[in-house]
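K.L.:
Before I ask anything, here is the structure I am working with.
The values are calculated or read from the model by the stated rules, or taken from the named source; none is laboratory data. Being a predicted model, the structure only gives us computed values, none of them experimental. Cβ coordinates were reconstructed from backbone atoms using ideal geometry, including for glycine residues, and neighbour counts include every protein chain displayed. For the accessible areas, the whole protein counts, side chains as well, though only heavy atoms, and no ligand, DNA or RNA atoms are used. Shrake-Rupley method; radii C 1.70, N 1.55, O 1.52, S 1.80 Å.
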Amino acid sequence: MRVRVVGGDLEDDVVLIHSTGIPVDENYMELFLTLDALKRSGARSITLVAPYLGYERQDHVFRDGEEVGFEMIVKVLETLRVDKLVTFDMHSIKLPDMFKIPVIHLSALQLFAEKIKNYKLEASNYTLVSPDMGGIRRIKILSELTGCEFVTIEKDRDLATGSIRDSSMEGDVGGKNVAVVDDMISTGETIKAAVELLKEKGAGKVDVFATHAVFSPKSYKILESLPVERIVVTDTIDIPEEKRFKNLEIISVADDLAKAL
Ligand code: R5P
């Protein structure tokens with residue numbers, strides 16, 4: 001890794017934009033090396049814009065003997081002297097508190113709300129759905145922004161295999177058009193289980209919204225086969241051409257990021 005200054009002065013305040021989608025470890029390693037090179041080359045301060053941060057979901061020990069991957073990431077970023085972090089829709093509202101440095105925590109929910117308001121105008125009814133209890137805060141905010149009602153699914157995930165063992169829900173979605181809203185899509189299993197349950201309960205058209213399109217290798221095959229109108233994600237992670245299936249819609253967080261900077 002070598003930093004080459006092409007105009008400007010590295011003894012400046014630097015803003016580094018680097019997301020850590022798949023391949024996560026490779027992207028993190030590249031980020032760590034870049035941070036080291038920048039500091040060694042005299043950067044006065046570094047604001048890291050990491051729209052998506054891998055390992056966020058490993059924020060505590062789920063099963064005995066596990067690591068806390070995200071705590072380790074926080075330690076490394078701080079050791080490499082990142083001064084400020086800008087990121088989007090972290091997995092949990094508590095995650096910024098794991099950092100000692102300031103964290104600007106942005107959200108795509110406002111962008112989703114604008115889309116949903118338009119869809120709601122087309123539909124006589126529109127209900128928001130959180131695919132698990134962890135998304136309750138997110139769905140309440142979106143409900144306030146859109147004026148739509150919401151329901152929450154209870155998801156039971158097998159921690160060893162990652163597969164969804166069971167899903168159940170309170171609330172009536174019979175005949176209603178719905179939007180499933182999540183922070184990220186990784187394997188696609190959460191969304192698949194939610195869509196199947198909603199259809200079983202008689203839901204009409206289903207839309208899906210998720211900030212981070214992590215899209216692990218088999219996910220997009222699962223996603224493109226689901227009976228949904230559209231899957232709306234943002235560009236916090238670059239989505240290669242082969243993962244862009246037919247009803248995928250990508251909206252940009254660039255304006256929000258520019259405003260925040
Ligand atoms: C879980 O708590 C998250 O909010 C997402 O629902 C989950 O990470 C999605 O992962 P996957 O697509 O692998 O089911």
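K.L.:
Summarise the accessible area of the chain (1.4 Å probe, protein heavy atoms) by the percent that is carbon and sulfur.
P.N.:
49 percent
K.L.:
While we're here: Can you list the aspartates and glutamates whose alpha carbon is less than 20 Å from that of Lys120, not counting same-chain residues fewer than 8 positions off?
P.N.:
The reachable aspartates and glutamates, counting only those whose Cα sits under 20 Å from Lys120, are Glu144, Glu149, Asp172, Asp182, Asp207, Glu229, Glu249.
K.L.:
Looking at the stretch 74-198, send over the antiparallel percent of its DSSP beta bridges, to the nearest 5.
P.N.:
So the antiparallel bridges in the stretch 74-198 amount to around 30 percent.
K.L.:
Something else now. Label points 7 Å out from Cα along the Cβ direction at Glu196 and Glu78: separation in nm?
P.N.:
About 4.2 nm separates the two model spin labels.
K.L.:
While we're here: Going down the list Lys94/Lys205; Lys75/Lys115; Lys84/Lys221; Lys39/Lys75, which pairs span over 27 Å between their C-alpha atoms?
P.N.:
Flagged as over cut-off: Lys94/Lys205; Lys75/Lys115; Lys84/Lys221.
K.L.:
Run the helix sum for the chain: -39,500 (n - 2.57) per DSSP H stretch of 4+ residues, divided by residue count, reported at 222 nm to the nearest 500 deg cm²/dmol.
P.N.:
For the chain, the value works out to -9000 deg cm²/dmol.
K.L.:
For the stretch 98-156, what does the accessible surface come to per residue with a 1.4 Å probe? Please give it in Å².
P.N.:
51 Å²
K.L.:
Roll a 1.4 Å probe over the protein chains and send me the accessible area per residue for the stretch 1-81 in Å².
P.N.:
So the stretch 1-81 comes to 58 Å² accessible per residue, rounded to a whole number.
K.L.:
For the chain, set up a Gaussian network in which alpha carbons nearer than 10 Å are linked by springs, and say which option among Glu56, Glu229, Glu11 fluctuates the most.
P.N.:
Result for the chain, Cα springs under 10 Å: Glu11 fluctuates most.
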